[in-house]
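Asker: Just dropping this structure here.
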Amino acid sequence: MFLSQPFVRTALVKGSFKTIVVLPKYVDMGEWLALNTFEFFTYLNLIYGIISEFCTVQSCPAMSAGPGFDYTWLDGSKKQIRFPASRYIDLVLTWTNNKLNDQSIFPTKAGVPFSPSFPVTLQNIFKQLFRIFAHIYYNHFDAIVHMNLEAHWNSFFAHFISFSKEFELLDRRDTEPLRELIESFEAQGKV
């Protein structure tokens, strides 16, 4: 549904997100990455809260994003565990929140540097947030449309993808479930 007209063209923002994701002059790269990561997490968490009533154990017994894209959670001993999507998403949101509140990863005091593991942590966060986007597009876009949020959702996703591309936060293979949508947004000049 999300790849069909008029939904694939619906957006709040007309034009490209490329200009607003670029690192501003005189802004520390780590601060820019941290701020935007926090913002993407916050908004995705809010939107998921709106549609979470549609993401139940019965409707989404697995965390998936279309055919061939089933996601498993790695426990503390690196064992892969299948969860219903709602549980998986709760785990991602809790894990991300914990990372964002970890002062050794996301320092908030002036003069405290970002850790050397900061880039890898960001890539892991963005990969997990992307999976939530993909799950919602594939399994709950009808709810997004029903609530008349598709323009917001598409614009938010285009912003997320533009930022991810600008700072190389997502691997191409991780974005495969929404490749056609991303290519459509690129062709439209959104990302």
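The values are calculated or read from the model by the stated rules, or taken from the named source; none is laboratory data. As the structure is a prediction and not an experimental result, all values here were calculated from the model. Methodologically, a virtual Cβ is constructed for each residue, glycine included, from the backbone with ideal geometry; neighbour enumeration extends over all protein chains shown.
Asker: Which count do you get for residues in the range 167-191 that are aliphatic (A, V, I, L, M), crowded, with 16+ Cβ neighbours inside 10 Å and assigned to a helix (DSSP H, G or I)? Give the steps one after another, and end with the answer.
Answerer: Step one: list which residues in the range 167-191 are aliphatic (A, V, I, L, M), which gives 169-170, 178, 181-182, 187, 191.
If we keep only those that are crowded, with 16+ Cβ neighbours inside 10 Å too, we end up with 169-170, 178, 181-182, 191.
Within this subset, residues satisfying the condition of being assigned to a helix (DSSP H, G or I) are 178, 181-182.
Count: 3.
Asker: Tally up the residues in the range 89-116 that are hydroxyl-bearing (Ser, Thr, Tyr) and in contact with a Ser or Thr (Cβ under 9 Å, 6 or more places away or on another chain), please. Even if it seems obvious, please write down each step before you answer.
Answerer: Residues of the range 89-116 that are hydroxyl-bearing (Ser, Thr, Tyr), as a first pass: 94, 96, 104, 108, 115.
With the extra rule that they be in contact with a Ser or Thr (Cβ under 9 Å, 6 or more places away or on another chain), the set shrinks to 96, 104, 115.
The qualifying residues number 3.
Asker: Kindly provide the set of residues from the range 61-114 that are surrounded by 12 or more Cβ atoms within 10 Å (Cβ to Cβ), of a type outside the set (A, V, I, L, M) and in a helix (DSSP H, G or I), ordered by number.
Answerer: Of everything in the range 61-114, those that are surrounded by 12 or more Cβ atoms within 10 Å (Cβ to Cβ), of a type outside the set (A, V, I, L, M) and in a helix (DSSP H, G or I) turn out to be Ser86, Arg87, Tyr88, Asp90, Trp95, Thr96, Asn97, Lys99.
Asker: Do we have Gln128 as touching a residue at least 40 places away in the same chain (Cβ under 8 Å) and either closer than 27 Å to Ser155 by Cα or of a type in the set (Gly, Ala, Ser) (or both) here? Explain how you work it out, then say what you get.
Answerer: Values: touching a residue at least 40 places away in the same chain (Cβ under 8 Å): no; either closer than 27 Å to Ser155 by Cα or of a type in the set (Gly, Ala, Ser) (or both): yes.
Spelling it out, it is not the case that Gln128 is touching a residue at least 40 places away in the same chain (Cβ under 8 Å) and either closer than 27 Å to Ser155 by Cα or of a type in the set (Gly, Ala, Ser) (or both).
Asker: Kindly establish whether Lys18 is basic (Lys, Arg) and either closer than 23 Å to Ala143 by Cβ or in contact (Cβ under 8 Å) with a residue 60 or more places away in the chain (or both).
Answerer: Spelling it out, Lys18 is indeed basic (Lys, Arg) and either closer than 23 Å to Ala143 by Cβ or in contact (Cβ under 8 Å) with a residue 60 or more places away in the chain (or both).
Asker: Another question, then. Tell me which residues, restricted to the range 169-188, are touching a residue at least 12 places away in the same chain (Cβ under 8 Å) and acidic (Asp, Glu). Before the answer, list the steps.
Answerer: Of the range 169-188, the ones touching a residue at least 12 places away in the same chain (Cβ under 8 Å) are 169-171, 174-178, 180-182, 184-185, 188.
Within the range 169-188, Asp171, Asp174, Glu176, Glu180 qualify.
Asker: Could I ask something else about it? Which pairs do you get when a residue that is surrounded by 16 or more Cβ atoms within 10 Å (Cβ to Cβ), found in the range 28-40, comes within reach of a residue that is outside any helix (DSSP H, G or I) and polar (S, T, N, Q), reach meaning Cβ atoms under 9 angstrom, with the pair 6+ apart or on two chains?
Answerer: The qualifying pairs are Ala34/Thr108.
Asker: Select from the range 13-27 the residues that are under 16 Å from Phe163 (Cβ atoms) and either in a loop (DSSP other than H, G, I, E, B) or among the hydroxyl-bearing types (Ser, Thr, Tyr) (or both) and list them in ascending order.
Answerer: Just the residues of the range 13-27 that are under 16 Å from Phe163 (Cβ atoms), to begin with: 13, 15-24, 27.
Selection gives Val13, Gly15, Ser16, Phe17, Thr19, Val22, Leu23, Pro24, Val27.
Asker: Scanning for something at pLDDT 95 or above, closer than 22 Å to Glu186 by Cα and in contact with a His (Cβ under 6 Å, 6 or more places away or on another chain), does the range 36-45 turn up at least one residue?
Answerer: The answer is no, given that none of the residues of the range 36-45 is at pLDDT 95 or above, closer than 22 Å to Glu186 by Cα and in contact with a His (Cβ under 6 Å, 6 or more places away or on another chain).
Asker: Now for a different question. State the number of residues belonging to the range 125-137 that are surrounded by fewer than 23 Cβ atoms within 10 Å (Cβ to Cβ) and in contact with a strand residue (DSSP E or B) (Cβ under 7 Å, 6 or more places away or on another chain).
Answerer: Summing the residues that are surrounded by fewer than 23 Cβ atoms within 10 Å (Cβ to Cβ) and in contact with a strand residue (DSSP E or B) (Cβ under 7 Å, 6 or more places away or on another chain) in the range 125-137 gives 1.
Asker: Continuing with the same structure: Can you tell me which residue in the range 138-166 is surrounded by the fewest Cβ atoms within 10 Å (Cβ to Cβ), limited to those that are within 24 Å of Trp95 (Cα to Cα), of a type in the set (A, V, I, L, M, F, W, C) and in contact with a Leu (Cβ under 9 Å, 6 or more places away or on another chain)?
Answerer: Phe156
Asker: Tally up the residues in the range 140-168 that are in contact (Cβ under 8 Å) with a residue 40 or more places away in the chain, of a type in the set (S, T, N, Q) and out of contact with any helix residue (DSSP H, G or I) (no Cβ under 6 Å at 6 or more places or on another chain), please.
Answerer: Looking only at that region, the number is 2.
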